[in-house]
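Okay, so here's the structure we're looking at.
The values are calculated or read from the model by the stated rules, or taken from the named source; none is laboratory data. Just so we're clear, the structure is a prediction, and the values are computed from it rather than from any experiment. Neighbour counts are summed over all protein chains in view; Cβ atoms, including those assigned to glycine, are modelled from backbone coordinates with ideal geometry. In case anyone asks, the SASA skips ligands and DNA or RNA and just uses the protein heavy atoms, side chains included. Shrake-Rupley method; radii C 1.70, N 1.55, O 1.52, S 1.80 Å.
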Amino acid sequence: MVAHLNNEVIDNDVAHSHRRRRMDSMYHGCFPAVRAGLLEYALGTTYFYNYRTFTTVNEPHIPFQTNLTRHVGHTITSEIQMTPVWHSGRDILVKIVVVKAEIESFGQKVKQTMDYLTRRPIYFHWRNDIVLEIFAAVDDPTVAVNLKKGIAAIFQFQAKAGEFTETDISGTCTVKYATAKGMLEKTKNNCKAPDVSTRYNTVNQLLGVDPVPTRDASYVIEKNIILAAVVAEKFSHKIGLQNSMGTEIMLEELRGIRIWQEFELTTSSPSDIAIDGSSLEEALKEVGKADGVVYKPKGLQAIYEETQAKAVVLIEDFLAQNRDKLIAENVGTGLGALVFSDLVKAMRTATQAMILRVLKDDSNKEIVPILIDAITAAQTSAGQAALIDFLDFTDTDNILLPERYLLAAAFTTHPTKEVVQFLLTLYRRNVPNEMLQESIGEALGAAVNTFSQQTASSDSELLKDVEQAFLSSLKACNDTACRLPCLRALLNAGLPSTVPTLLEYIEISSDSDVSEAAIKALGRIYTRKDSRVKEVMQRVFHQVRRTYDSTVRTCALNTLLTYQLTRDDLGRILFEATDPLSSEFNMFVQASLFSKAKSDASLRQLLKEVLEDVKLSNYNVLAQKGHGLAFTSGLAETSSVAAMYYMYVETTKSGIMKRSGMNVDISNNEQTQPIYNFGIFAGGLEALLGEEVEPGKEDEEATAGMSLDLLGVSLRPITFFTGQAGLLAAVWKAPADLTSALQTNLLVQDYQDVLYLSNGLIAEVNTLGVLSLDLSGSLTVSLWNKNAESLIRNSGGLAIRGSLRIPNKPLSLRVEFNSQGENVIDFKTDVDFSDTVKMCLQMSRPEFVFYHNVTKYEGGRGFPKSFLRKESSSKLFNSVSFPLPPSNTEMCQSLLANKD
């Protein structure tokens with residue numbers, strides 16, 4: 001790679017041809033093998049080095065060597081004078097002087113001198129080839145000190161193979177050394193840089209931004225002197241949803257060494273030859289006197305100053321320009337997501353007073369819900385304080401705005417301790433509106449789950465307080481209506497310490513809804529290594545201690561299928577689904593097994609082995625009849641992740657729908673993330689439809705509703721009706737036109753980091769991804785014709801903005817990208833209950849286009865003009881009618897043919 005860089009990047013200056021040949025020969029193994037032992041530089045002798053560092057920023061999929069015209073970057077060239085000036089035993093003080101430094105831009109091909117690099121030297125304390133401390137003049141600019149620290153870091157390495165922990169310009173790293181082809185190879189991994197307040201990422205790596213650094217160095221050493229060194233460093237930032245989106249820094253440092261024939265200084269100053277002093281401190285005082293400055297320790301790592309001017313947009317000005325785009329009609333669109341991401345950025349720089357002004361401004365009245373989404377997503381202390389001041393949680397009637405805040409708070413990407421504490425205080429207060437109290441519990445659970453994953457040092461006392469609040473509320477409940485919200489809050493929290501309580505409620509509760517909710521609450525807790533959970537799920541499914549509703553049993557089955565089942569376990573499950581009086585249950589269990597096996601190779605192989613037993617592989621076992629179905633298929637796929645959907649319909653013994661829905665997950669080779677779980681539930685409909693009522697459910701009241709989980713967070717269910725009167729009212733009031741049931745804007749990527757590069761430069765990386773979601777539906781029911789039609793439309797807009805900025809003086813580099821798209825998925829249901837119940841499910845999406853735009857920039861003081869390059873691309877996704885089970889296709893053909 002270095003040879004290629006020489007050909008592509010370095011100009012054709014004949015004066016450097018000899019050095020190029022030496023660098024090329026280094027990579028062909030022409031230099032002697034690395035000597036054992038420590039480096040040995042002669043005291044008072046100046047060693048001259050040529051130094052170049054190339055820095056380029058770009059998109060990760062564009063190779064550096066092949067298309068330089070698509071990059072922005074710069075080259076810094078200088079000469080380095082390295083002089084050991086003092087020593088005591090193994091302790092050495094080394095002076096580094098930079099001379100003739102200049103910078104050249106890639107885009108403009110313009111050079112400029114870097115005088116501020118040459119004004120002051122730096123010194124470093126060296127012992128056993130390790131740089132222990134760096135000393136710089138108090139008046140040396142930080143950017144100059146950082147670049148010279150990058151030079152000093154070259155002189156740190158271990159002369160023997162092995163793995164070590166070292167601290168240098170990149171932070172504290174695990175460093176591996178090896179010898180190959182006469183060179184010493186150095187690789188740095190797991191570097192822990194100094195913490196800064198602005199560093200954060202989404203806790204879910206599958207949705208978040210994945211930083212992928214590589215840091216390698218090669219040394220050629222001759223006669224215990226560094227003859228040449230090459231450092232190659234690369235940072236790629238890839239978005240989990242699509243690896244082709246993102247930014248990349250590639251940094252190449254080429255250091256050729258030029259050794260004078262005589263090791264002596266070229267200046268007449270005796271102070272550069274050797275310094276007397278009984279200690280390092282005395283030596284530093286002496287060089288300070290000689291140079292006329294004071295030298296202070298500056299640490300080994302680059303210094304990040306959060307003083308760079310940020311682009312601050314006044315929130316009032318932003319709203320004046322974009323108010324008409326922040327309307328409810330744009331939620332669920334690409335435009336809505338893109339504008340919302342800009343609104344979040346503006347909110348992050350707004351003060352509490354500014355935020356309160358825009359919330360109370362009458363001209364913003366129609367967009368206050370979206371403003372609350374953005375303020376909450378911005379996650380600033382000013383925004384949180386403004387919302388606490390603005391929202392009223394004591395109003396029993398008007399809960400729209402508090403609900404909007406709680407929904408947004410449930411999806412915050414890096415909630416602070418103050419936010420979790422505020423939600424806990426609200427929850428303990430027990431607000432008068434029951435629905436609002438339930439939403440507070442769900443938001444608190446979701447926030448504490450994210451909070452607990454952000455850092456290993458999460459506040460354990462706060463987590464215990466939240467757990468105790470939830471468990472106390474659950475224990476105080478006397479009925480199902482009270483217990484279900486508590487269990488949903490525990491689901492969102494996903495606290496492993498609550499597993500024993502959940503297992504207890506699964507087995508002892510006489511209410512099937514409570515048992516089902518307790519099983520689902522285990523879903524956010526990794527329990528696959530907990531044998532207690534598997535044992536309880538087996539007892540529930542096989543009804544070892546008592547009977548359970550079929551819905552509870554199928555929930556237990558779903559949990560069991562996350563375990564590594566044995567052949568015996570699977571055989572028992574199949575045999576359980578052979579009861580001739582439970583054909584609908586049998587049908588659903590088998591459909592679930594075969595559906596899961598499609599995407600699980602180990603389960604598929606195990607199922608194949610189990611079915612070799614003729615007692616299970618026969619007509620009586622496998623030819624179950626019923627209306628239940630479970631089906632898995634692909635929804636979408638990128639180079640990095642695949643999205644799958646699982647559709648199910650579970651019915652009662654008489655064939656009436658009990659629950660149905662669709663789950664969408666995305667996964668890669670390492671993990672799976674639930675995206676969207678939508679369900680319809682119903683009960684007590686048999687008597688209304690003249691069907692046989694199951695034993696024990698004669699008094700069950702007719703009811704139906706909808707449940708929704710987003711990104712693993714359970715939201716409060718919506719009840720359509722309760723009782724016969726409620727059913728008739730729902731039929732007459734059902735919206736014939738599409739009506740929104742849920743609108744929200746969520747951050748799916750929220751990444752900000754500071755990168756410490758090996759040449760001393762510092763980069764700032766930002767990525768913000770917004771999912772704008774609108775869930776709407778329509779329903780028409782004809783009691784006269786005994787049929788119904790429903791349409792559930794999921795409209796989603798995705799916008800991702802990212803930037804990488806190196807604010808180097810005098811030439812700054814920047815790459816920005818934005819990606820945007822929108823789509824809808826329609827889920828249509830036709831039901832005919834004039835005779836036997838017939839149901840047809842259809843799922844489709846229209847074609848859509850996803851856009852990707854990149855802007856690259858070079859510019860700075862002293863350069864004649866800025867360099868700007870823009871690139872755009874788009875990808876068309878064709879319309880799709882998603883496959884469903886063959887039994888559904890047959891039913892659709894029959895029902896729709898009669899309908900026509």
Cut-off under 5 Å, modelled amide H: who pairs with LEU813 long-range: ILE806, ASN808
Local electrostatic count at ILE370 - Lys and Arg +1, Asp and Glu -1, tallied over other residues with Cβ under 13 Å: -2
Radius of gyration and Dmax over the Cα atoms of the stretch 90-211, both given in Å: 17.9, 50
Integer Hz, Karplus 6.51/-1.76/1.60 couplings in order for the stretch 808-819, x for Gly and Pro: 7, 9, x, 10, 9, 10, 7, 10, 10, 9, 9, 10
Rounded percent of accessible protein surface that carbon and sulfur make up, the chain, 1.4 Å probe: 51 percent
Helix axis angle, 434-454 relative to the chain longest principal axis, alpha carbon, degrees: 30 degrees
15 Å Cα-Cα reach of LYS870 towards aspartates and glutamates, excluding residues that sit fewer than 8 places from it in its own chain: GLU59, GLU816, GLU858
Between helix 142-152 and the chain: long-axis angle, C-alpha atoms, 0 to 90°, nearest 10: 80 degrees
Peptides 402-415, 496-509 ordered by average Cβ neighbours within 10 Å, highest first: 402-415, 496-509
Relative packing of 294-303, 110-119, which averages over residues the other C-beta atoms within 10 Å, highest first: 294-303, 110-119
Viscosity 0.692 mPa s, 37 °C: Kirkwood-radius Stokes-Einstein D of the stretch 341-406 over Cα pairs, µm²/s: 277 µm²/s
Global size of the chain as Cα Rg and Dmax, reported in angstrom: 33.3, 109
Amide hydrogen neighbours beyond the local backbone of THR638, cut-off 5 Å, H modeled: ALA643
Reference-scaled alpha-carbon Rg (2.2 N^0.38 Å with N residues) for the stretch 285-425: 1.47
In sequence order, calculated HN-Hα J values of the stretch 313-326 (Karplus, 6.51, -1.76, 1.60; Hz; x Gly/Pro): 10, 5, 4, 5, 5, 4, 5, 4, 8, 10, 4, 5, 8, 9
Cα gyration tensor category, rounded, prolate or oblate, for the stretch 504-629 with a/c compared to 1.5: oblate
For the stretch 596-683, convex hull of alpha carbons as volume per residue, Å³: 113 Å³
Computed over the stretch 803-900: relative contact order in percent, which uses C-alpha pairs under 8 Å that are six or more apart: 28 percent
Relative contact order for the chain, counting Cα pairs under 8 Å that sit 6 or more residues apart, in percent: 11 percent
Per residue accessible area in Å² of the stretch 804-849, where ligands, DNA and RNA are left out and the probe is 1.4 Å: 40 Å²
Global form of the stretch 364-436, assessed from the alpha-carbon gyration tensor, a/c cut-off 1.5: oblate
Cα shape, the stretch 599-648, gyration tensor, a/c 1.5 rule: oblate
Mean Cβ count within 10 Å, highest first, over the residues of peptides 813-821, 477-485, 146-154: 146-154, 813-821, 477-485
Sum of side-chain charges, ALA302 neighbourhood, beta-carbon under 12 Å (Lys, Arg +1; Asp, Glu -1): +1
With Cα atoms, 0 to 90° folded angle of helix 583-599 axis to the chain main axis: 20 degrees
Under 18 Å from the Cα of LYS345 - lysines, other chains or at least 8 residues apart: LYS310, LYS325
Average silhouette area of the stretch 738-869, convex hull of alpha-carbon atoms, in square nanometres: 12.1 nm²
